[in-house]
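The values are calculated or read from the model by the stated rules, or taken from the named source; none is laboratory data. Small disclaimer: the values here were computed from a predicted structure and weren't measured. Don't worry about glycine lacking a Cβ; one is built from the backbone with ideal geometry, like all the others, and counts go over all protein chains shown. Areas reflect the complete protein model, heavy atoms only, side chains present, ligands, DNA and RNA absent. Shrake-Rupley method; radii C 1.70, N 1.55, O 1.52, S 1.80 Å.
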Amino acid sequence: MPFFEPGLDELVRKGYQAGTLTFTTAYADALDGAEFVFIAVGTPTTPSGHPDLSNVRSAGREIVRCLGNRRAILVSKSTAPVGISQTLEHLHQLDGGLDLPIVANPEFLREGSAIHDFMEPDRVVLGSDDHEARAAVGELYEELDKPIIYTDMKSAEMVKYACNAFLATKISFINEIAEICERVGADVRDVARGMGLDHRIGAHFLNAGVGFGGSCLPKDVRALSHLAAVYGSHPQLLNAVLEINSEQRRRLVGRLRNVLGGLRGTKIAILGLAFKPDTDDVRDAPSLDLINLLEYEEVRITACDPIAAESARRVFPDLECEEDPLLAATGCDALIIATEWQQFRNLDLDALRRVMRTPVIADGRNVLDAETVRRKGFVYLGFGVADGPGLPVVAGVTV
Ligand code: UDX
């Protein structure tokens with residue numbers, strides 16, 4: 001596998017060995033006898049915030065060319081602005097082909113649990129104005145025995161954006177509440193627990209911290225905000241969600257600056273490079289923003305991640321990485337937890353205290369117990385957790 005996804009290696013090997021899964025770079029081979037053609041190519045964000053649709057367009061063009069006068073149902077899985085499936089339809093008509101049915105079928109897979117999310121989806125959304133075609137795609141999913149929502153094409157595409165934007169909003173919401181908690185002396189983790197049990201709110205996506213990253217949430221909120229603006233709408237909430245999210249990274253660095261009495265010349269360890277545990281994906285990961293912000297202040301950085309070091313080095317070739325968190329923390333003036341990998345939840349605090357130059361922990365994922373960490377002699381900075389006594393400390397001066 002070119003990337004890490006639990007269970008995928010095994011699944012692909014099984015299909016490949018059984019002959020039910022084959023690979024080719026030739027469209028004609030792949031389309032030979034196909035009744036359904038799933039388009040699942042990437043739609044990365046361009047610097048202007050608009051998704052780059054060249055992959056979708058070129059796949060669409062090639063499919064249309066290869067199908068000729070043959071009929072197949074196109075299923076669009078790529079996340080692209082509302083209306084892209086219709087663009088595919090137009091492409092096809094322009095090329096003078098048959099009227100191909102197109103069904104928008106957004107995916108809701110999370111990295112790290114993609115297979116589970118595919119096999120046990122909360123729902124399947126199928127959007128098309130061709131009711132026969134969408135029913136045919138529905139049959140493919142029938143075996144999963146999950147609710148299937150049939151809509152028109154644009155609504156199906158909108159469901160995907162609205163879902164990711166809502167999840168991102170929940171995170172930025174709790175992060176804003178967290179900041180208020182810090183100021184008034186409340187604990188956001190208790191607040192989130194109290195909120196989450198209200199079934200209208202739900203407990204998921206209420207973990208405060210250094211904010212969301214990954215290949216979807218940031219990209220999709222940006223794309224939706226861009227789309228809204230293009231259509232003359234003023235997406236105030238979406239923009240605030242993004243702004244709060246970038247602010248989380250800056251806030252963490254700012255708090256460290258205050259605590260250490262300046263950052264220039266300090267050494268800081270970042271535990272966790274992946275945008276979340278169980279993946280080696282660092283796209284839009286908080287760690288990347290933190291590295292940029294810290295490098296700007298001439299901080300010496302050591303990083304540690306069980307599997308994402310390689311991916312991060314593709315962005316920062318000179319990044320110093322250690323396999324052991326203790327080695328990464330050695331001689332450091334602060335340690336940041338940027339990803340809640342299991343091993344970072346169970347750090348040996350006594351050993352850490354011995355190897356660090358200045359014992360400061362910025363817990364960007366709120367995974368450590370503030371009191372325990374403080375009892376071990378650290379300054380603990382959590383998100384939405386009131387600062388303890390002993391602040392500020394000065395880098396290099398043992399507290
Ligand atoms: C997301 C959607 O969940 C999925 O439905 C969609 O198909 C693709 O995008 P994914 O990108 O894999 O999935 O990550 P997700 O688990 O949603 O987490 C996104 C980010 O939010 C991570 O950086 C995570 O650390 C952060 N997060 C999540 C929080 O900061 N707080 C939370 O409470 C939850």
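Here are a few things to note about the model shown:
- Theoretical gain in end-to-end length, D190 to N69 [0.36 nm per residue, Cα-Cα removed]: 37.4 nm
- Accessible surface for segment 336-391, divided over its residues, is 40 Å² per residue with a 1.4 Å probe.
- Report summary: the helix-based calculation at 222 nm, which adds -39500 (n - 2.57) for every DSSP H run with n ≥ 4 and divides by the residues of the chain, gives -13500 deg cm²/dmol.
- Positive-pole candidate from T151, L217, T358, dipole of the chain, charges at beta carbon: T358
- Length-normalised contact order of the chain in % [C-alpha pairs under 8 Å, at least 6 apart]: 13 percent
- The chain, accessible surface, carbon-and-sulfur percent (1.4 angstrom probe): 53 percent
- Distance between the pseudo-spin-label points of R313 and Q343 (7 Å out from Cα toward the beta carbon): 1.6 nm.
- Fully extending the segment from R183 to D369 would add 65.1 nm, taking 0.36 nm per residue of separation and subtracting the current Cα-Cα distance.
- FRET efficiency, D52 to S155 (Cβ-Cβ, R0 25 Å, nearest 0.05): 0.55
- Accessible area of segment 8-151 divided out per residue, in Å², using a probe of 1.4 angstrom: 56 Å²
- All lysines inside 20 Å of K219 as judged from Cα atoms, apart from same-chain residues fewer than 8 positions distant: K77, K154, K160, K170, K276
- Between S113 and H199, the distance separating the two model label sites (each 7 Å from Cα on the Cα→Cβ line) works out to 2.0 nm.
- Peptides 328-339, 31-42 ranked from most to least packed, by the mean per-residue count of other Cβ atoms within 10 Å: 328-339, 31-42.
- Rounded D (µm²/s) - segment 157-399, Kirkwood Rh over Cα pairs, Stokes-Einstein at 10 °C, 1.306 mPa s: 87 µm²/s
- A simple charge model with +1 on the Cβ of Lys and Arg, -1 on the Cβ of Asp and Glu and nothing else charged puts the dipole of segment 157-399 at about 400 debye relative to its Cα centre.
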